[in-house]
Amino acid sequence: MPRTPEAQSFFHAVYSAVQQIPPGKVTSYGHIAKLIGTPQRPRQVGVCLKHLPPSPTQTNSEEHADQQEYASRFNHDTVPWQRVINAKGVISPRSQPSGALNQAAALELEGVTVTTGALGELMVDFAAYGWFPASLPSDVDGGDIDEDFDSQNEDDT
DNA sequence: CGCATGACGTAGA
DNA sequence: ATCTACGCCATGC
């Protein structure tokens, strides 16, 4: 749990944004950062997911009340953390490959095809599964944003 | 309180 | 295309 109110707000924004990612789709840390209005801190997005509370079933009743409530809203089960990968389309290996493998498995369960690179890197094709709206779907009420979140994701070559 | 680290991204070389 | 340097800032020591 974040220490300062600011950080808490940031964490909340990140988790909420991640929850907007449709099943079977993926996006990047940087895009999440953009969506919540802090495009310069994709790294902090990673921090948020790293500190994502565990599943309620595993939560100890030793936790404080506020922490419990926080975890009830955002936890390993309610936030689709697996749908967030890095800008290169690769599942961040973090420190150990097991985490990435676990994430890959979670994605496959949603129908996302994960391919393995020459160096064992797990990657997802953004052209097929990418989700990069210009703004959060929930924010578009009254917002006269003229963006066209179409043709955002493109091929390479 | 200071220093190092990291689920990242971008700009330069 | 690949590699290095730096910004960001919550956590951990």
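The values are calculated or read from the model by the stated rules, or taken from the named source; none is laboratory data. These figures come from a predicted structure and were not determined experimentally. With ideal geometry, Cβ positions are generated from the backbone for all residues, glycine too; neighbour counts draw on all protein chains shown. These area figures cover heavy atoms from the full protein model, side chains too; ligands, DNA and RNA do not enter into them. Shrake-Rupley method; radii C 1.70, N 1.55, O 1.52, S 1.80 Å.
Some points to look at:
- The residues of region A:28-72 that are at pLDDT 90 or above and in contact with a Pro (Cβ under 9 Å, 6 or more places away or on another chain), listed by number, are A:S28, A:Y29, A:G30, A:H31, A:I32, A:A33, A:K34, A:L35, A:C48, A:H51.
- Taking the criterion of being within 13 Å of DNA strand B (Cβ to nearest atom) and either open to solvent by less than 30 Å² (accessible area, probe 1.4 Å) or in a loop (DSSP other than H, G, I, E, B) (or both), the residues of region A:22-35 that qualify are A:V26, A:T27, A:S28, A:G30, A:H31, A:I32, A:A33, A:L35.
- The single condition among (1) surrounded by 15 or more Cβ atoms within 10 Å (Cβ to Cβ); (2) among the polar types (S, T, N, Q); (3) part of a helix (DSSP H, G or I); (4) more than 10 Å from DNA strand B (Cβ to nearest atom) that A:Q82 does not meet is (4).
- Considering residues of region A:85-98 that are out of contact with any strand residue (DSSP E or B) (no Cβ under 7 Å at 6 or more places or on another chain) and within 16 Å of DNA strand C (Cβ to nearest atom) only, the residue least open to solvent (accessible area, probe 1.4 Å): A:P93
- Boolean, A:N75 is open to solvent by less than 20 Å² (accessible area, probe 1.4 Å), polar (S, T, N, Q) and at pLDDT below 95: yes
- Residue check, A:T57 within 16 Å of DNA strand B (Cβ to nearest atom), open to solvent by 30 Å² or more (accessible area, probe 1.4 Å) and out of contact with any helix residue (DSSP H, G or I) (no Cβ under 8 Å at 6 or more places or on another chain): no
- Residue pairs whose Cβ atoms lie under 6 Å apart, sitting 6 or more positions apart in sequence or on different chains, and linking a residue in region A:19-42 that is within 13 Å of DNA strand C (Cβ to nearest atom) to a partner that is open to solvent by 60 Å² or more (accessible area, probe 1.4 Å), are A:S28/A:A87; A:G30/A:A87; A:A33/A:P39; A:A33/A:R41.
- Hits in region A:91-140 - residues which are without any contact (Cβ under 8 Å) to a residue 60 or more places away in the chain, hydrophobic (A, V, I, L, M, F, W, C) and under 19 Å from A:G30 (Cα atoms): A:I91, A:A100, A:L122, A:M123, A:A127, A:A128, A:A134
- The set of residues in region A:124-136 that are buried (at least 17 other Cβ atoms within 10 Å of the Cβ) and not in a loop (DSSP other than H, G, I, E, B) comprises A:V124, A:F126, A:Y129, A:G130.
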